[in-house]
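**Q** Here it is: the structure, laid out below.
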Amino acid sequence: MSTLLVAIGAFVGYLVAYHTYGRWLARKIFRLDPKAVVPSIECRDDIDYCPTRKQVIFGHHYTSIAGTGPIVGPAIAVFWGWLPALLWVIFGAIFIGAVHDFGALVVSLRNRGQTVGDVAGRMIAPRVKYLFLTILFFALTLVLAVFGLVIATIFRLYPESVLSVWFAMPVAIAMGLWVHKFNGKLLIPSLMALGLMYAAIYLGVYHFPFPNEWLAQFGNPIVIWTIILLAYCYIASVLPVWLLLQPRDYVNSHQLIVALALLVVGVAVAGVTNQADINSAPAIVPADELPQGAPPILPFLFITIACGAISGFHCLVSSGTTSKQLAKEPDAHYVGYGSMLMEGVLAVLVILACCAGVGMGKYVKTPDPGSATVSRYVAETKVVDGIEQQLKGRAAWRTRYDNSKPWKDFGLGTKLAAFIEGGANFLGVLGIPLELAIGIIAVLVASFAATTLDTATRLHRYVIQELAGAIRLAPMTNKFAATGLAVVLGGVIAVIPAPGKDMGTGGLILWPLFGATNQLLAGLAFLVTFFYLWRRGRPAWFIAIPMTMMLVMPLWALLWQMFYPETGWAFTGQYMLFGIGIATMALQVWMVVEALLMIPRAKGVLEEALPPFEPRSAMAASGGRSC
């Protein structure tokens, strides 16, 4: 019952916050105007700028921000106990994350859909634009490398997920053509697409799991999958948003919402019937019981759980793609604030799955005697006093979260498996066979990661174009060249071997920087929103508090990672991480100093206006973008 009460308390809290705090921000602070001309109308080109129904853009935005971040982060953080993770996810999402996403979206909406990096130059100081765009460049390169690795890992561990993830592409293109070219309605095609997607999951589990052993004869499957995924991202990010990005995210959002609804119902049934207990995991883990080498909960809880509470990557989605597609300003409340709360819902479900769900039983994959390709999942057991017992409760949780292993050995596959198998246990109480339940949750994770990956590629293209324009590097302002550079850089980092590892683990080299860099980005995005309000004489205290927190916590974490005795990068020969960490801190400090110097002069003084809008005909020769 405790599991159910936790879920109900969190979900009610999010609902109340949307209709109170979120509404106050929309009406009193940002003053959203339904009559305002938005970028999707002013700059419409039907490639990047395209007015879209809020239900469709919600699907794109939500699936883009809710990648594997709200899954991997909480799956790690429960090592410190489920209570700190839960409190950070609930209150962080309401008062920090949703405000961050909403603010970045509104600021971009009122600046012709420019990214927060571009807007920063006018809001704060011209030099800040170059600093911010440089940070965005490195952050997005890291996102492409890491998320490509995540999806490739899922495809290797759960080959039953491959068919459904790729089947979404032709279904999405068909829907995009139907809606955009033939002005078709969405309801019936959406239901048909949803049925097809779940049929593909069934076929992938029981009939057509991908034969990774066949792929292995051509090389490392992780490397091959990463190259294939990035090649797809190149194509997806240069196509018009209505043809693949929007409908794919819309179709995925329905599939993912159904999976999340099944998880919620599973949590309810498991809670009412006392089959699941969140106390299978400890509420708070004492420091002396943590794995060897584990970092302290402060500040690392706030760095480890990014997506689900607050994530700097979200400001790129808000200002990079979503602001170019909203049809009217009031939709920003629904999409910007609401999507982040929905991501909080996902993070709560992950915490419950990794604690109560994992505690329902530990399972291992074994070949099905009746099939050459299909695997079954059977309960793992141990022998106590000569009696074989199924692993449940704290024993099952400790088997997955083994504190006797060093922290560094708790790998990416282990983190993903904790949620996938714990979530499958929740679906199992609904009568869904365990192998099918694992297929559903594995597809959920892979689909979230895939939508983030191709959105991040498009965002990286925008950043490269803006940076190239700022430094007058004309060839890189072309969308095809900029996208190619983004994909190649991400691919090179992803496929190189990490020290002592196989090819295809390069993303793991820079993974320790990801959390701090991502949260630093959130603090800097808050800085831009703060100046937007400060210049207009509007209340900004509710921005200043989380802004300060998200500037201090990443800096604290970076200093610990670099200089902690014996394990710090400076003392262990990890000079690349150390060098990038120093550069990241220098950029942050420089940008904050620029902002502090500008604060006294900026109060009540509007920023420099954007130059007059160029007519579409004049822009056509420069690559098709009209703004």
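No lab work stands behind these numbers, since they all come straight from the coordinates. A quick note: this is a predicted structure, and the numbers were derived from the prediction, not measured. Please note: Cβ atoms are built from the backbone with ideal geometry, for glycine as well, and neighbour counts cover all protein chains shown.
**Q** Enter the Cα centre distance for the pair the stretch 137-174 and the stretch 525-562, rounded to the nearest angstrom.
**A** What the calculation gives is 32 Å, centre to centre.
**Q** If you don't mind, there's one more thing I want to ask. So what's the net charge close to P221: Lys and Arg +1, Asp and Glu -1, counting the other residues with Cβ under 14 Å from its Cβ? Write out the running numbers ahead of the final one.
**A** Numbers: positive: R156; negative: E213, D502.
Local charge sum for P221: -1.
**Q** Once you charge only the Cβ atoms, +1 for Lys and Arg and -1 for Asp and Glu, what is the size of the charge dipole of the chain about its Cα centre, to the nearest 20 debye? Don't skip to the answer; put the middle values down first.
**A** Details: 42 positive and 32 negative charges, 347 e Å.
It works out to roughly 1660 debye.
**Q** Run down the aspartates and glutamates and flag those whose C-alpha is under 18 Å from the C-alpha of K35, throwing out any fewer than 8 positions away in its chain.
**A** E329, D331
**Q** Tell me the relative contact order for the stretch 2-622 as a rounded percent, counting alpha carbon contacts under 8 Å between residues six or more apart.
**A** Here the relative contact order equals 27 percent.
**Q** Here are some pairs, K129/K479; K324/K415; K129/K415; K181/K324; which of them have Cα atoms lying more than 27 Å apart in this structure?
**A** Too far apart for the 27 Å limit: K324/K415; K129/K415.
**Q** Could I ask something else about it? Going 7 Å from the Cα of F480 toward and past its Cβ, which residues in the stretch 440-460 have a backbone nitrogen under 18 Å from where you end up?
**A** Within reach of a label on F480, which here means backbone N under 18 Å from a point 7 Å along Cα→Cβ, the stretch 440-460 contributes 458.
**Q** When only alpha-carbon atoms are used, what values of Rg and Dmax, in angstrom, describe the chain?
**A** 23.5, 82
**Q** Turning to a different aspect of this structure: May I ask you to sort L352, L5 by Cβ crowding, counting other Cβ atoms within 10 Å and putting the fewest first?
**A** By the 10 Å Cβ count, ascending, the order reads L5, L352.
**Q** Related question: For N183, what is the net charge nearby, where nearby means another residue's Cβ is under 15 Å from its Cβ and Lys, Arg count +1, Asp, Glu -1? Before the final figure, lay out each step's value.
**A** Values: positive: R53, K181, K185; negative: D46.
Surrounding charge for N183 is +2.
**Q** Using 0.36 nm per residue of separation minus the Cα-Cα distance, give me the extension gain between H207 and R53 in nm, one decimal. Could the numbers behind the result be given before it?
**A** Working: separation 154, 0.36 × 154 = 55.44 nm, distance 3.73 nm.
Stretched out fully, the H207 to R53 stretch lengthens by 51.7 nm.
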